[in-house]
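Below is one structure, written out as structure tokens; the observations come after it.
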Amino acid sequence: MNRTLFFLIFLIISVIAHSQPQSPDQFLGYKLGSRYTPHFQVVNYFKYIAASVTGMVKLEQYGETNEGRPLLLAYIASSENSSRFEAIRMNNLRLAGVALDKMAPDINGPAIIWLSYNVHGNETSSSEAAMLTIYELVNPANNRAKEWLKNTVVIIDPCINPDGRDRYVNWYNGVIGKNANPQPFVREHIEPWPGGRSNHYYFDLNRDWAWQTQVETQSRIVKYNQWLPHVHVDFHEQGYNAPYYFAPAAEPFHDVITAWQREFQTMIGRNNAKYFDENGWLYFTKERFDLFYPSYGDTYPTYKGAIGMTYEQGGSSRAGTAVINGDGDTLTLWDRLYHHYTTGIATIEITSLNANRVVQEFKKYFDKARSAPAGEYKAYVIKTDEGDKINRLKKLLDRNGIDWAYSNAAGLSGFNYFSSKIENFKAGVGDIVVNANQTHSNLLNVLFERNSRLSDSATYDITAWSIPYVYGLQTYGLDNYVTATSKTDPALLNDPSSSRVAYAYAIKWNGLHSARFLSELMKKGIKARYAEQPFYMKGKAFEKGTLLVTRTSNAGYNNILEKLVREAAQIAGIEYTPVETGFVDKGFDVGSDKVRIIKAPKVALIAGENISSLSMGEIWHFFDVQIQYPVNIVWVNDLNRNILKEIDVLIFPDGNYRYFIEKQMNDALKEWVISGGKIIAMENVVAQMARSEWGIKLKETDDKKDSKKDDKKEDYSTLKRYENRERDYIPNNNPGSIFKVELDNSHPLAFGYPDYYYTIKQDDNIYEFFKEGGWNVGFIKKNNFVTGFTGSKTKDKLKDGLLFGVQDMGRGSIIYLSDNPIFRSFWENGKLMFANAVFLVGQ
């Protein structure tokens, strides 16, 4: 009898133990929060949970990082709903109106909650919290979670940025002793350059949701659009002295954000506050983190119908696993991850309690988007270009699920973005139409909006991103919908191959694909030339910058030259034209000195301490991924005369350089330029060079001139109210707005452009015009402000000055790019200018 009872008890205990998944502490072998968990162990734990709780969890790898780490999604639901994941997903797409089957949706489906962790790699507590969150959701002893999962599906992305996370975690685990030192000034709290915040190419993935320039974002958004969750939380960290932040967000809210989205943010915030109040934890809401810029992990989901939110825990990279904060309290990694766990669970709870309304409001959002879209215009017609910008725009629209079609030939009338006038125009072959009465009309409206309306000018990021200016594509906003049904490309690439041996091959220089083509040629050792002036041949016009690949100078490739040109053209997606003679009908002949040979440049890019890793990463990505041309990355402290002898082009990303204040290095750089070197100076580097007397000069503002004239005049503007101290900077602020730049497109720096360009400007720097020894290639006149927020004093200053220039110095040159033409890699229209700086200027 006793033996039988003992056996039954043992059997019950064994079954319970087998059905009870291990906690993170048990699986990892250490208490969660006592140390940082490498990404592979986070992955292993999620794999373990998925294998242990097959009736509730599905794990999916949706992509891979640049460094080969897996990107995962875990889907968690009740046993009943987990068997219906695909049916739930399809029903949700029917609610949004994007399902292809057109079946009627079930409005009683579960609410879908997506939790995204660790988008900034060195904000590490959130991936630790993700492990605790999934454990508690599947823990058989957690009866509350069982109830929530009856009417919700939870999707967890445990680490959006594995490369950045491991960069930080591996560094930290390598410098910490047996015990954490909480003193904030010690080594383990001072992360070295470039830090773990960004991904492999040093991109901030939390600014990339809409633009999708990075492989992690591209992979994730495919899955996001396949689910379209109702609630999305993006987990972050801020400075370790800050209390916890959660929704509701701060102003400005974009106009397209609905009353329900605002209301439910507040409901979620109150539920979070309930738990923080119970524990006596500090928090704040409605400050600092707004809902405006469309490419964040809170705004992008919001513009796609979700309740999108950012949660910010104090900590970040300087917190380590323990740090003494400004209040004298020790903030631990456990504190940080448990706060994130608490808000994540509280968000699931309140969503479950309101699941029916969450789903119904989600459907209303998209019904209204199709039937009564918000925004200034009902349709947009985007004119095609001779280059590849229209193709890059179509790819962006496709990735965001925005419908477009080729226009029919028709006479139309609409608002011209570039002239700011209502004009009659003809829609032609290759032009595209985007009608606003579609599922994602709110995102469409945000991306194409002409004027940014700000309810509060104290914003967290740039305030202008209008697609026509970003791409430099002529766009019209129309007050009526436009009939357009075809999505078949009417402009397929021609195959120009011929049985005749060509004298040369002409390739137009009009887009990023032109630079990609040139890169392919140069890597094969093929020499190319460019035309400094337009020319005409057999009725065909070739503009300035046209590449010419001649048999002369490529004698070693004569038998296969066209094959190599054709291969490069196919890789770049560009057409080439065989030319039968060097004698042109109009312009300068192919043998003229106005047709210059392009020497393949040996490019160096500076990296290291005091340099913006984001700026450096944009340039690295441009070379390594976009045009695939070799670039030599040199540590800032290693640059010397011997390295200068090995390179032709030296790129200074935005940052602070000792070179320009140390006479020896400053002189060495000048000597190198005089002997034929080329410097490309980006953003604030231009101001540093101006202060070091390189030849360019910062423009003096009118108020400084006036103060010199009358130093004795009383100035009461310095008298400020203490309560306004956080807003006094606004008149001098420029978080990111668009200005029209006048271009001298006869200069190689502006080849491929009309006589204007739209720049994203983020400071108040403007420079004096060159009177001699330099070229004023890009400048702004009075009233060249286009859109976004610029403080009143800064706006008054930004007129009649230089932004893009080239200075001749001996046999070399300096190219000044005071605004970033490849900003976050989404400012598409500036990429050709940067390619011009690298390949054409100074040849």
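Among the residues making up region 696-709, those that are part of a loop (DSSP other than H, G, I, E, B) and either open to solvent by 90 Å² or more (accessible area, probe 1.4 Å) or at pLDDT 95 or above (or both) are 696, 697. Restricted to region 400-448, the set of strands (runs of 3 or more DSSP E) holding at least 3 residues that are crowded, with 16+ Cβ neighbours inside 10 Å comprises 410-416, 432-435.
Every residue, every condition in (1) aromatic (Phe, Trp, Tyr); (2) modelled with pLDDT under 95; (3) under 27 Å from residue 75 (Cβ atoms), yes or no:
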position: 198; (1), (2), (3): no, no, no
position: 212; (1), (2), (3): no, no, yes
position: 218; (1), (2), (3): no, no, yes
position: 221; (1), (2), (3): no, no, yes
position: 227; (1), (2), (3): yes, no, yes
position: 239; (1), (2), (3): no, no, no
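One residue alone among 743, 749 is under 18 Å from residue 800 (Cβ atoms) and within 28 Å of the chain's Cα centre (by Cα), and that residue is 743. Considering region 25-49, the residues that are touching an Asp or Glu at 6+ places or on another chain (Cβ under 9 Å) and part of a helix (DSSP H, G or I) include one that is surrounded by the fewest Cβ atoms within 10 Å (Cβ to Cβ), namely 40.
Considering 737, 746, the condition of being polar (S, T, N, Q) and under 19 Å from residue 687 (Cβ atoms) is satisfied by 737 alone.
Table: residues versus (1) at negative phi; (2) modelled with pLDDT under 95.
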residue: 534; (1), (2): yes, no
residue: 540; (1), (2): yes, yes
residue: 545; (1), (2): no, no
residue: 548; (1), (2): yes, no
residue: 556; (1), (2): yes, yes
residue: 566; (1), (2): yes, no
residue: 605; (1), (2): yes, no
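Of all the criteria given as (1) out of contact with any strand residue (DSSP E or B) (no Cβ under 7 Å at 6 or more places or on another chain); (2) in contact (Cβ under 8 Å) with a residue 24 or more places away in the chain; (3) surrounded by fewer than 23 Cβ atoms within 10 Å (Cβ to Cβ), the one not satisfied by residue 239 is (1).
Elements of the type strands (runs of 3 or more DSSP E) sitting completely within region 507-619 and holding at least 3 residues that are touching a helix residue (DSSP H, G or I) at 6+ places or on another chain (Cβ under 7 Å) and open to solvent by less than 30 Å² (accessible area, probe 1.4 Å): these cover 603-607. Each residue in region 787-839 was checked for being over 26 Å from the mean Cα position of the chain (by Cα) and among the small types (Gly, Ala, Ser), and 6 pass.
Within region 328-345, does at least one residue satisfy the condition of being closer than 30 Å to residue 737 by Cα, surrounded by fewer than 22 Cβ atoms within 10 Å (Cβ to Cβ) and at pLDDT 95 or above? Checked region 328-345: no residue is closer than 30 Å to residue 737 by Cα, surrounded by fewer than 22 Cβ atoms within 10 Å (Cβ to Cβ) and at pLDDT 95 or above.
Filtering region 398-432 to residues that are within 25 Å of the chain's Cα centre (by Cα) and either among the hydroxyl-bearing types (Ser, Thr, Tyr) or under 29 Å from residue 96 (Cβ atoms) (or both) leaves 398, 399, 400, 401, 402, 403, 404, 417, 432. Looking only at residues of region 733-780 that are in a loop (DSSP other than H, G, I, E, B) and among the aromatic types (Phe, Trp, Tyr), we find that the one that is farthest from residue 292 (Cα to Cα) is 770. Answer yes or no as to whether residue 160 is within 16 Å of residue 233 (Cβ to Cβ), in contact with a Pro (Cβ under 8 Å, 6 or more places away or on another chain) and open to solvent by less than 10 Å² (accessible area, probe 1.4 Å). No. Taken together, 828, 768 contain a single residue that is open to solvent by 20 Å² or more (accessible area, probe 1.4 Å), more than 25 Å from residue 604 (Cα to Cα), acidic (Asp, Glu) and in contact with a Lys or Arg (Cβ under 8 Å, 6 or more places away or on another chain), which is 768.
Being of a type in the set (Val, Ile, Thr), open to solvent by less than 40 Å² (accessible area, probe 1.4 Å) and not in a helix (DSSP H, G or I) is the filter here; which residues of region 177-222 pass it? Once the filter is applied, which keeps residues that are of a type in the set (Val, Ile, Thr), open to solvent by less than 40 Å² (accessible area, probe 1.4 Å) and not in a helix (DSSP H, G or I), region 177-222 yields 186, 213. Checking 779, 804, 823, 839 one by one, the residue that is closer than 24 Å to residue 672 by Cβ and touching an Asp or Glu at 6+ places or on another chain (Cβ under 9 Å) is 804 and no other.
Taken as a whole, the structure leaves residue 244 outside the set of residues that are of a type outside the set (S, T, N, Q), open to solvent by 20 Å² or more (accessible area, probe 1.4 Å) and touching a helix residue (DSSP H, G or I) at 6+ places or on another chain (Cβ under 9 Å).
Of the candidates 829, 783, 836, 820, the single residue that is in a loop (DSSP other than H, G, I, E, B) and touching a helix residue (DSSP H, G or I) at 6+ places or on another chain (Cβ under 8 Å) is 820. Scanning region 252-266 for residues that are in a helix (DSSP H, G or I) and either hydroxyl-bearing (Ser, Thr, Tyr) or farther than 17 Å from residue 229 by Cα (or both) yields 259, 263, 266.
Step by step: first the residues of region 449-491, then only those that are assigned to a loop (DSSP other than H, G, I, E, B), of a type in the set (S, T, N, Q) and at pLDDT 95 or above, then the one that is most open to solvent (accessible area, probe 1.4 Å). Which residue is that? By that ranking, first place goes to 480.
The values are calculated or read from the model by the stated rules, or taken from the named source; none is laboratory data. Every value quoted in this text rests on a predicted model; they were computed, and no experiment measured them. Don't worry about glycine lacking a Cβ; one is built from the backbone with ideal geometry, like all the others, and counts go over all protein chains shown. Each accessible area value is taken on the protein alone, full model and side chains, heavy atoms only, with ligands, DNA and RNA left out. Shrake-Rupley method; radii C 1.70, N 1.55, O 1.52, S 1.80 Å.
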